[in-house]
1. Any residue that is within 16 Å of ligand 1 (Cβ to nearest atom), touching a residue at least 12 places away in the same chain (Cβ under 8 Å) and in a loop (DSSP other than H, G, I, E, B) - is there at least one of those in segment 71-79?
2. Restricting the search to segment 221-234, which residues are buried (at least 22 other Cβ atoms within 10 Å of the Cβ) and within 11 Å of ligand 1 (Cβ to nearest atom)?
3. Filter segment 21-58 down to the residues that are within 16 Å of ligand 2 (Cβ to nearest atom) and among the acidic types (Asp, Glu) and list them by number.
4. Counting just the residues of segment 150-178 that are surrounded by 17 or more Cβ atoms within 10 Å (Cβ to Cβ) and of a type in the set (S, T, N, Q), which one comes out nearest to the chain's Cα centre (by Cα)?
5. Any chance segment 273-292 includes a residue that's at pLDDT 95 or above, of a type in the set (Val, Ile, Thr) and either outside any helix (DSSP H, G or I) or over 17 Å from the mean Cα position of the chain (by Cα) (or both)?
6. Taking residue 86 as meeting all but one of (1) outside any helix (DSSP H, G or I); (2) closer than 26 Å to residue 319 by Cα; (3) among the hydroxyl-bearing types (Ser, Thr, Tyr), write down the number of the exception.
7. Counting only residues that are surrounded by 12 or more Cβ atoms within 10 Å (Cβ to Cβ) and more than 27 Å from residue 153 (Cα to Cα), how many does segment 192-207 have?
8. Here are some residues: 120, 66. Which one is within 16 Å of ligand 2 (Cβ to nearest atom), among the acidic types (Asp, Glu) and either in contact with a strand residue (DSSP E or B) (Cβ under 7 Å, 6 or more places away or on another chain) or not in a strand (DSSP E or B) (or both)?
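The values are calculated or read from the model by the stated rules, or taken from the named source; none is laboratory data. The shown structure was predicted, so the numbers you read here are calculated from the model rather than taken from an experiment. Ideal geometry is used to build each Cβ from the backbone, glycine not excepted, and the neighbour counts take in all protein chains shown.
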Amino acid sequence: MFVRKRLTIFEKKASLSSMEIGDGNINYIYRVYDINSGKSVIVKQAGYNSRISADLQISTDRGRREVQALRMQESIIPGFVPKVYYYDEIMCAIIMEDMVNHEMMRHYLMAFHIHDSFAEDISSFLAVTAIKFSDLCLSNKQKKELVREFINPDLCEITENLVFTEPYQRTCGNNRIFYLSEEFVEQEIFSDKELHREVAKAKYEFMTKAQTLLHGDLHTGSIFINEHHIFIFDPEFAFFGPGGFDLGNMIANLFFAWCYADAQMPCNDNRKEPFCNWILDTIENIVDKFIQKFLELCNSTGSMEFSGYYGAIYLKDILRFAAASAGTESIRRVVGLAKVIELVKITDDLKRARAEKIILSLAKAYIKNSNCFLTGKDYINAIKKVIAKFS
Ligand code: SR1
Ligand code: MG
C-alpha cells in the first residue's frame, strides 16, 4: 500500500508482493515486486533499535541524510549509486532502485569472483568524492551549510565507540573475541599503549576534521556488483569527516576477502592463486589510481591555493588517515561487536586464528606507521611482510 501510494511506476492493478531481505546490522530492507511485470523497488526502513543490539538506539531520521548523500553522489559521479524514488519522513522509509542483476560484493568475493574494473571504478568514486565535497571545490558557505546538514551524531557515535574505542578496552562487554585469538588480542591490542595513543589521535580526527562528505561505512557489504558495474549504497553514516576514511575501510575489507580465500580454498584449487593475487593487485591499484585521480582533479579545481603544491600536502594527509583507518577497521572486525563473515565463516579454527593474527598485525603496522603508506606498493610490502611472518 505504501509503495503503491507513493510511486506511479507500478500499474494501478498490479498485485504487489514484498519480502524482507535485509541482513545488515541496522535497518529493515524490503523488496516490493510485481510478479507479472517483473518490476521491483527496495524499501529501506529505519527502526528505533539496531538489529544487531536492542540496546543500540539510533534516531530514525538517518534516512534523510542517506537520501541527500545518494543524491549528492549521483550529481558528481552519476551511475555509481542507486536512484532514490521517494523518502517518507513519517515512515522513515526510503524507496529506491532495486539493484537487480547485482549481488553484494562480500558474497561475490566469497565466491572468488574477480572483477577487472573494480579498482578503476572505486578509485574514481573515492577521488571524486574526496575532492568535490571538500573545500577544494565547494564554496566557503556551501561547505559549512552542508557540514551542518550532515551532522550525524548517532551514527558517528556508533563508529566512535565500535571502531575507535571498544576494541581497545579489555573490559568492554561489547567485544566478541574468537577463543583462539584471546591471548593474541590481550598482548597485541589491549596491552599496547602506543597503539592506543595512535588510535586516540585517529578518533579525535574522525570527530573533528570535517574535510569531505564521506560515505562513512564503505565496506564490501555497501557495494553491489556484477561483472560490468558497481553500485555503492547505504551511506547512512555519511558526514563530513577526514578524507581517507572511506579509502582505508575499503582496503581493510578487500583484505578480509584475501584472508577468506587463503583459509578456505584448498591449495589445489587453481582459482586460489589468481584470486588472491587479484585482491592484492586491486588494493595496490586502488591506492595508486586514487592518488593519480585525486591529483588530476585537484589541479583542475582552478583554485590557486588548493591545486599544485597544497594539493600534494592535502593528499599526503588523506593517505595517512587512510592507512590509520585501514588499521582501525581491521581491528574492530576481529575484536569488536560487528564481525565480517569472511572471518566467521572460516571453518578451520586454526586457520581462522592465523587469519586474525595476520589482520591484527597488519592493522598495527598501518596505524603505527600511517605516515609511510604513500603508494599502493607500500601496502603490498606491509601485507607480504606480515603474511610471511605467519607462514
Ligand atoms: C550497530 S551497527 C554495527 C556496524 O554495522 C554497520 O554496517 C556499521 O559498519 C556499523 O559499525
Ligand atoms: Mg550499512
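1. First pass over segment 71-79, keeping only residues within 16 Å of ligand 1 (Cβ to nearest atom): none.
No, segment 71-79 has no match at all.
2. Selection gives 222, 234.
3. 23, the sole residue that qualifies.
4. Residue satisfying both the conditions and the ranking: 159.
5. Our first condition is that a residue be at pLDDT 95 or above; within segment 273-292, this holds for 273-292.
Cutting the leftovers down to of a type in the set (Val, Ile, Thr) gives us 279, 282-283, 286-287, 291.
Checking which are either outside any helix (DSSP H, G or I) or over 17 Å from the mean Cα position of the chain (by Cα) (or both) leaves us with 291.
Looking through segment 273-292, at least one residue is at pLDDT 95 or above, of a type in the set (Val, Ile, Thr) and either outside any helix (DSSP H, G or I) or over 17 Å from the mean Cα position of the chain (by Cα) (or both).
6. Unmet for residue 86, out of (1) outside any helix (DSSP H, G or I); (2) closer than 26 Å to residue 319 by Cα; (3) among the hydroxyl-bearing types (Ser, Thr, Tyr): (2).
7. Looking only at that region, the number is 1.
8. Values: 120 fails: within 16 Å of ligand 2 (Cβ to nearest atom).
Of 120, 66, the one residue that is within 16 Å of ligand 2 (Cβ to nearest atom), among the acidic types (Asp, Glu) and either in contact with a strand residue (DSSP E or B) (Cβ under 7 Å, 6 or more places away or on another chain) or not in a strand (DSSP E or B) (or both) is 66.
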